[in-house]
1. Express the relative contact order of segment 38-84 as a whole percentage, based on alpha carbon pairs under 8 Å and six or more residues apart in sequence.
2. Could you pull out which residues in segment 53-82 have an amide N less than 11 Å from a spot 7 Å beyond the Cα of Glu40, following the Cα-Cβ vector?
3. Using a 7 Å offset from the Cα along the Cα-to-Cβ direction at both Glu66 and Ser90, what is the distance between the two label points in nm, to one decimal?
4. What share of all Cα pairs of the chain, in percent, falls into each consecutive 5 Å distance bin?
5. Quick check on the chain: helices-only [θ] at 222 nm, where DSSP H runs of length 4 and up contribute -39,500 (n - 2.57) each and the sum goes over total residues. Nearest 500, please.
6. Just want to confirm a number: the relative contact order over the chain, from Cα pairs under 8 angstrom separated by 6+ residues, in percent.
7. Using the C-alpha atoms of segment 37-92, what convex hull volume per residue, in cubic angstrom, is computed?
8. Expected output is a single nm value to one decimal: the length gained when fully extending between Val27 and Gln57, i.e. 0.36 nm times separation in residues minus the C-alpha distance. What is it?
Amino acid sequence: MSYEQRYVGELVFGSAKAFNAAVRDLVREEGCDLSDCAFEKSVLVLRAGHKLVVDVQGSFPATVFETSTFALEYLGERAESGMIECTYDSGEAEPWVERVGPDAPDDDEDGAATA
């Protein structure tokens, strides 16, 4: 069964080298299979200013949310600034929202959607 999911925001890295190392470690050390994410590896490309910009929306299996959020959280822990909002909507309750990255609020209450 598929559910609506959205991943939107940006993370800023200190350098392209730091970003590439984070992606490499995510795959090699953490064993994250990016083919199980809502986004393809081709989405993980830095733009000017060492920014990773993510804007992906679609209908995916529930397990994709866990893998995608883990991957973005891992990258967010290695970024210098920014935030990505990950939203999961089962259609049965309020959407579940996870905010990841250095600029994510510390008191973020998971499960509370924001407008």
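Rule-based calculations on the coordinates, nothing more; no lab input. Quick caveat, the model's predicted, so the values are computed rather than measured. Note that we place each Cβ from the backbone using ideal geometry, even for glycine, and neighbour counts take in every protein chain shown.
1. Working: 20 pairs, mean separation 15.3, N = 47.
RCO, segment 38-84: 33 percent.
2. none
3. 1.3 nm
4. 2, 12, 23, 25, 19, 12, 5, 1, 0
5. -8500 deg cm²/dmol
6. Numbers: 221 pairs, mean separation 39.2, N = 115.
Over the chain, the number comes to 34 percent.
7. Numbers: hull volume 4.8 nm³, N = 56.
Cα convex hull per residue, to the nearest whole number: 85 Å³.
8. Numbers: separation 30, 0.36 × 30 = 10.80 nm, distance 2.26 nm.
Length gained between Val27 and Gln57: 8.5 nm.
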